[in-house]
Each structure stands twice: as C-alpha cells, then as structure tokens.
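Asker: Mind having a look at this structure? Questions to follow.
Bear in mind these aren't lab numbers, they're just calculated from the coordinates by the rules spelled out. Worth saying up front: this structure is predicted, and the values here are computed from it rather than measured. Cβ placement follows ideal geometry from the backbone for every residue including glycine, while neighbour counts extend to all protein chains displayed.
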Amino acid sequence: MSSSAAQPFWRAAGMTYVTYSNLCASLVRQCLKEPYRSEALSREKVHFNVSKWVDGKPEKPTIRTDTPE
Amino acid sequence: MLRHGSRSLFNRASASSMRWRRQFSTGLPAETAEDTKFVESWKKMNPNMDPPKTPSAYMKPRPPTPANIPSKLTVNLVLPYDSVLSSKEVDMVIVPATTGQMGVLPGHVATIAELKPGILSVHEGNDVTKYFLSSGFAFVHANSVADIIAIEATPVDRLDPNLVQKGLADFQQKLNTASTDVEKTEAQIGIDVHSALNAALTG
C-alpha cells in the first residue's frame, strides 16, 4: 500500500471524530432561536476537575467549570 | 442447578428456531444464542459436566429478516439527551449522508452511513417532517429498522436566519485569516455547518 485511505479534512489536520461532531453540534446550538438557544447552551456546560498523579500522590487538581461558584 | 439452566437455554433456542421455521420459510434465520462448536467440543472432552455459558449465549440474537418486505420503515431518531422518534412507522426517510442525500425505504439493504450536517426528512403519507442534524450516523438494518443517531437535531423553524448569516460571514473571514492547520480546520467546519444551515433555511 503506497498511501493510506482518503481522510476527511478534519482527520488529516489531527482532529478526532468526537471533537468534530461536538464542534458541529455546538455551532448548530448557537444558531437556535430563543428560548431553545438558552436551553441548548445549558446542555454544553461542563464541570469537572482533573488531577495528575505523580509518584502515587495526586497533584493539585485543575478545575474546569462553567457553573458559577 | 447448572443442568436446569442449560436445559432451559436449549429449550428456548430450539423453540424460537421452530417458531421461525413455521412463519418465515425463506427469510434469513435469526442467529441462535448458543455457541454450538464450543458446546460440542466440551461435550467430547467432558460429557459429565454441563458446558459453561459463553458470552454469545448472553447476547440477544440478530432479529430475523422477514421474507416479505414490510410496508413501513421503523425509525428511531436518538440524541444523547432525548429520543425524538422512537419506533415510529413511516414510509420513507431521507438522510444527509456524507456521500449525498440517501433515501431509505422499507426493505433497504443493511447500511451504515456517516452523516454530514444537513436535513433529515421523515415522510409519512403526505406529511413531511424535517429536522436539521448536526452530524451523526444512520444504521439501516435488514429488518427495515433505521436507527439515526445525532448529537443535535432541531426542527428547521427553530433556527434563526440572522445568526446563521452572521456565523457564515464570521467563519469565512476566519478562514481568510487562519494560519495554523487547526484554525483552518475549525473555520472550514464552521463554513460547512453554516452553509448547510443556510441551505436548510432557504431550501
């Protein structure tokens, strides 16, 4: 095989299907009329914290959140 | 206790295959839930113990393909947060596959299609319902069941034309000023989605 199969442009640029699909959905949500738009954007909110583990101990977590504290 | 389990499994499998033989004589069979090769080789090595169940025994067998093409297509349109259509009997759906608009009628060959942002139209008699899908997949099964999955699906009247035009202009500008591959890709995706939205609103 000389070349790999033809790839969609987003995969050729290093993006995964999940990222592509979520990006498309987010763009569609931003084009909705009110009140659907506010309902839809509330669906996009995330809240999580990530901590890396080094030598068996967790480091300080980074909190990623869209909900106001 | 194990003996009763395997007996009821065999009874269930043979009963369903007998039912199949009576109703659909020429259609594709439902795949049975047992692993016959494994069971036979187990019995040869160890005839006194009941064979253990393999993972395929726990799987639901593929539903049988009817011999006659059904008159209606069963459609399921599911999103991560809602099932918009759930086993709805329709005449035809047109899905926006990456290879073009694909019409699915009852009796369609089993297909998996990746979808691009576009319109899904559901035809039932004289009614046509249109949904704009953000992207997803369509699975058509041999028994005339179509599963369409997407992340966002909205009726076209919930889209705001001004926001669509503004978005299209924004992303066209972003594509002109983009420098890295990632920026160019994001701008291109923005243009694709907004052009599809535009076509949905005007078409």
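Asker: Give the range A:1-29 a look and list any residue that's crowded, with 18+ Cβ neighbours inside 10 Å and either aromatic (Phe, Trp, Tyr) or part of a helix (DSSP H, G or I) (or both), or say none.
Answerer: Scanning the range A:1-29 gives A:10, A:20, A:21, A:23, A:24, A:25, A:27, A:28, A:29.
Asker: Within the range A:53-68, take every residue that is loosely packed, with under 10 Cβ neighbours inside 10 Å and assigned to a loop (DSSP other than H, G, I, E, B) and give me the one that is nearest to the other protein chains (Cβ to nearest Cβ).
Answerer: Applying the filter and picking the extreme gives A:67.
Asker: Here's another thing I want to ask about it. Considering only residues that are of a type in the set (Gly, Ala, Ser) and either surrounded by fewer than 16 Cβ atoms within 10 Å (Cβ to Cβ) or more than 16 Å from residue B:193 (Cβ to Cβ) (or both), which ones fall in the range B:98-132?
Answerer: Scanning the range B:98-132 gives B:100, B:103, B:107, B:110, B:113, B:121, B:125.
Asker: Now for a different question. Mind listing whichever residues of the range B:137-165 are more than 9 Å from every other protein chain (Cβ to nearest Cβ), of a type outside the set (Gly, Ala, Ser) and under 23 Å from residue B:113 (Cβ atoms)?
Answerer: Across the range B:137-165, the qualifying residues are B:137, B:139, B:140, B:141, B:143, B:145, B:147, B:148, B:149, B:155, B:156.
Asker: With the condition kept exactly as written, say whether any residue in the range B:105-117 is out of contact with any Pro (no Cβ under 8 Å at 6 or more places or on another chain), farther than 20 Å from residue A:20 by Cβ and within 12 Å of chain A (Cβ to nearest Cβ).
Answerer: Within the range B:105-117, not a single residue is out of contact with any Pro (no Cβ under 8 Å at 6 or more places or on another chain), farther than 20 Å from residue A:20 by Cβ and within 12 Å of chain A (Cβ to nearest Cβ).
Asker: Specify which of the listed residues (A:21, A:38) is among the small types (Gly, Ala, Ser), more than 8 Å from chain B (Cβ to nearest Cβ) and within 26 Å of residue B:131 (Cα to Cα).
Answerer: Exactly one residue qualifies, and that residue is A:38.
Asker: Just wondering, is there one or more residues in the range B:37-55 that are over 20 Å from residue B:139 (Cα atoms) and of a type in the set (Ser, Thr, Tyr)? Spell out the reasoning first.
Answerer: Here is the first cut: in the range B:37-55, the residues over 20 Å from residue B:139 (Cα atoms) are B:37-55.
From what is left, the residues that are of a type in the set (Ser, Thr, Tyr) are B:41, B:54.
Yes: one or more hits.
Asker: Right, here's the next one. For the range B:133-164, which positions are closer than 24 Å to residue A:42 by Cα, among the polar types (S, T, N, Q) and either crowded, with 16+ Cβ neighbours inside 10 Å or in contact (Cβ under 8 Å) with a residue 12 or more places away in the chain (or both)?
Answerer: B:134, B:135, B:154 - these are the residues of the range B:133-164 that are closer than 24 Å to residue A:42 by Cα, among the polar types (S, T, N, Q) and either crowded, with 16+ Cβ neighbours inside 10 Å or in contact (Cβ under 8 Å) with a residue 12 or more places away in the chain (or both).
Asker: Right, something else. Which residues, counting only those in the range A:30-47, are farther than 17 Å from residue A:66 by Cα, part of a loop (DSSP other than H, G, I, E, B) and of a type in the set (A, V, I, L, M, F, W, C)? Spell out the reasoning first.
Answerer: Keep residues of the range A:30-47 that are farther than 17 Å from residue A:66 by Cα, which gives A:31-36.
Those left that are additionally part of a loop (DSSP other than H, G, I, E, B): A:31, A:33-35.
The answer is A:31, and nothing else.
Asker: Only one of B:51, B:66 is in contact with a helix residue (DSSP H, G or I) (Cβ under 7 Å, 6 or more places away or on another chain), crowded, with 16+ Cβ neighbours inside 10 Å and in a loop (DSSP other than H, G, I, E, B). Can you tell me which?
Answerer: Numbers: B:66 fails: in contact with a helix residue (DSSP H, G or I) (Cβ under 7 Å, 6 or more places away or on another chain).
Within the list B:51, B:66, the selection yields B:51.
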